1. Please state the relative contact order of the chain as a whole percent: Cα pairs under 8 Å, 6+ residues apart?
2. Per DSSP H run of n ≥ 4, the term is -39500 (n - 2.57); total these for the chain, divide by its residue number, and report the mean residue ellipticity at 222 nm rounded to 500 deg cm²/dmol.
3. Could you sort the peptides 52-64, 13-25, 211-223 by per-residue average Cβ neighbour count (10 Å cutoff), highest mean leading?
4. Where only protein heavy atoms count, and the probe is 1.4 Å, what is the accessible area per residue for the chain in Å²?
5. Test of understanding: express the Cα radius of gyration of the chain as a ratio to 2.2 N^0.38 Å, with N the residue count.
6. Which one of 209, 183, 153 has the biggest mean-square fluctuation once the chain is modelled by GNM with Cα springs under 10 Å?
7. Compute the length gained on full extension between residue 191 and residue 96: take 0.36 nm times their separation in residues and subtract their Cα-Cα distance, giving the result in nm to one decimal.
8. Please report how far the C-alpha centroid of the stretch 72-137 lies from that of the stretch 17-52, rounded to the nearest whole angstrom.
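The values are calculated or read from the model by the stated rules, or taken from the named source; none is laboratory data. All values reported here derive from a predicted model rather than from experimental measurement. Neighbour counts are summed over all protein chains in view; Cβ atoms, including those assigned to glycine, are modelled from backbone coordinates with ideal geometry. When the accessible area is computed, the model is the full protein with side chains, heavy atoms only, and any ligands, DNA or RNA have been set aside. Shrake-Rupley method; radii C 1.70, N 1.55, O 1.52, S 1.80 Å.
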Amino acid sequence: MTTTSTFSFIHRPLVPFAHDYIHGDSEPWHKHDCAQLLHTLSGVVRVDTASGCWVVPPGRGVWLPAGTRHSLRITGNVAARTLFIDPLARADLPATCQIVQITPLLRELILVCLALPESYSPGSRDERVYELILDEIRTMPVLPFHLPEPESEALRRLCLQIRQNPGESWTSAQAASMMNVSERTLNRHFQQQTGLSYGEWLRRARLLEALVRLAQGQPVLRVALDLGYGSHSAFTAMFRRVMGVSPSDYFKND
């Protein structure tokens, strides 16, 4: 069963909301009649939709267009700061789900608007804050933390096996053999259905699993070995290449 939440935008174009989750919390499948920007100050949130899963690292956000059916799973203690946005507030709001970078300016604006009154005068500071938030949302950089779900049942089964056992070798030859196709055909199907090659999808699946495990406080070496990396340094090199910092530094101040 899917519940639908509704919000009133009579007095303002967006409704801010602050909520803190504890480790292990979850929210069942639901949707909103408006767009949603979920920003996390700490912890990791996994968002599942019909088109795949989205992992929100601390300090980032996930954009969900109006009507997107989704569920949440919480890892670590998550301080969530959410904006529910009138889908008619701007004509060029993002049209697809995406993990986004929250700029320092947007982060502060979100915190400021939590304390603003529901109604405001035209031309006031409060109105400018809301309008600036909408301006910033239109330019949010998109981050590669989406694991797209393939369309075919055969590929879905393969992806499920990979997610359940991410530490196995999972070479393209092994995966192709399991599906009784050539490696070339495997990669073509992955590219057509997910927009990623098989190797890219596998690396992303392991990175998103690593984010969840690191948020749980698991040691970096254990995470590296459990996810099939031969050494601490190999995993750290991959993580730094994608995230810009080492895994130990990434969660240091979370």
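1. On the way: 433 pairs, mean separation 43.4, N = 254.
About 17 percent, as a whole number.
2. Numbers: 9 runs with 97 residues, N = 254.
It lands at -11500 deg cm²/dmol.
3. The most tightly packed comes first, giving 52-64, 211-223, 13-25.
4. 48 Å²
5. The chain yields a ratio of 1.09.
6. Among 209, 183, 153, the largest GNM mean-square fluctuation belongs to 153.
7. Length gained, residue 191 through residue 96: 32.3 nm.
8. 15 Å
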